[in-house]
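As structure tokens, the structure follows; a few thoughts come after it.
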Ligand code: SAM
Ligand code: SF4
């Protein structure tokens, strides 16, 4: 985030890329075995009583944006041969489904950059019963591509949009796209029936924190859910700093200055968002995802697979397990299932962002798969 004073120096000190994980992330090889009784249950449960239902698969670490809170302009990507192939991704999804996963979210990087995205969706659809969702920056969405992907099995889309002001959008995303490209993507999803559609925004103090109500208005205009995610220490520049962080409480207050909200009480307990309706009865809803101010780790049902085939029990894990090595060493489905069960068993109780010994993982969100 080189627009923030002092950060350039810190970046130079960090001088880490998402590939150099040696200092604060251990590639753990094979996870230690979970207890036999846990393995025998053929479910991914952890030692804190949580069960995995939601697998996030990063299909690529590449992106056509360089959002200031996510990816530095000079970020280095993993070598192509280290990325999981389409058939490897489908195989992992199938095995995870056999262990109780009900939803797969395809993410990245930017998933729509993957040349075989439709084949990945079709392969997962054919091999599993999971709901297939995707999160995208929407800059490359076309109605034809969406129609094809929906026919292949894509059920749900989430779109990220952090600003509706063209100059600011360009500064935030460091891209040549504009908010109108994203709005066109939103309209294309709605036209193709990829609903319910959700939007995500990250507010950064001093950049776009004055746009909370304008972004909230998109929920009313399109009758969809607009969600505000608190900025997390997962940026590739390691520039996260509490002075740039905007709490969900503050965001809600800014929205309520224009659009009073009423809490809904039908949120799924494992959902990351707490949602609100508009008090005046307008359509749409607002969600707040507050991992920093109100961690929701206790109900976490998520596991992550990175584009290069590492299993991350948590976004903030400093250990990740090398499923790709097992896949490429000829492991059987049963062995891979045990691997996923064992990796889940190592899931930490919480991310500990607020704790004094919190260490930011070396991998940024884009490499983990948000
Ligand atoms: N490129 C796609 C997109 O932007 O929607 C998918 C990948 S992106 C990593 C997934 C989500 O992570 C986006 O909604 C993005 O805003 C969010 N994200 C990325 N870095 C973040 C950070 N440091 N804190 C909070 N959210 C972040
Ligand atoms: Fe790319 Fe998404 Fe990260 Fe932005 S948030 S740089 S669009 S991966």
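Provide, in order from the shortest bin, the percent of all Cα-Cα pairs of segment 44-128 in each 5 Å bin, continuing until the bin that contains the maximum pair distance. Bins of 5 Å from zero give 3, 14, 21, 20, 15, 13, 10, 3, 0 percent of pairs.
Once Rg and the Kirkwood radius are both taken over the C-alpha atoms of segment 250-299, their ratio Rg/Rh works out to 0.99.
Please determine, in degrees from 0 to 90 and to the nearest 10, the orientation of helix 117-127 with respect to the longest principal axis defined by the Cα atoms of the chain, where the helix direction is its Cα long axis. Orientation of helix 117-127: about 50 degrees from the principal axis. Where Rh is the Kirkwood radius over the Cα pairs of segment 58-214, the temperature 25 °C and the viscosity 0.890 mPa s, what D in µm²/s does Stokes-Einstein return? Once the numbers are plugged in, D ends up at 150 µm²/s. On full extension, the segment bounded by residue 80 and residue 47 gains 8.4 nm, given 0.36 nm per residue less the C-alpha separation.
Taking every Cα-Cα distance in segment 292-355 and sorting them into 10 Å bins starting at zero, the pair-distance distribution P(r) comes out as 21, 48, 23, 8, 1 percent.
Using only alpha-carbon positions in segment 122-198, the gyration tensor eigenvalues give semi-axes of 26, 12, 10 Å once each is multiplied by 5 and square-rooted (largest first). Equivalent ellipsoid of segment 250-370: semi-axes from √(5λ) of the C-alpha gyration tensor, largest first, are 36, 17, 13 Å. If you take every DSSP beta bridge whose two residues both sit in the chain, what share of them, in percent to the nearest 5, is antiparallel? Just about 30 percent of them are antiparallel. Against the chain, whose longest principal axis comes from its Cα atoms, helix 86-98 is set at around 80 degrees. Only helices enter the 222 nm calculation for the chain: every DSSP H run of n ≥ 4 contributes -39,500 (n - 2.57), and dividing by all residues gives -8500 deg cm²/dmol, rounded to 500.
Maximal additional length on extending the residue 195-residue 87 stretch stands at 36.1 nm, based on 0.36 nm per residue less the C-alpha distance. Taking Cα atoms only, the orientation of helix 179-191 departs from the longest principal axis of the chain by about 70 degrees. Site pair residue 335 and residue 267 shows an inter-label distance of 4.3 nm when each label is modelled 7 Å from Cα along Cα→Cβ.
Share of Cα-Cα pairs in segment 214-308 beyond 22 Å, in percent? Here the long-distance tail beyond 22 Å is 36 percent of all Cα pairs in segment 214-308. Across the chain, C-alpha contacts under 8 Å between residues 6 or more apart give a mean separation that, scaled by the residue count, equals a relative contact order of 26 percent. Largest first, the three principal axis extents of the alpha carbons in the chain are 55, 48, 38 Å in whole numbers.
Quick note: the coordinates plus some simple rules give every number you see, no bench work behind them. Computed from a predicted structure; not experimentally measured. With ideal geometry, Cβ positions are generated from the backbone for all residues, glycine too; neighbour counts draw on all protein chains shown.
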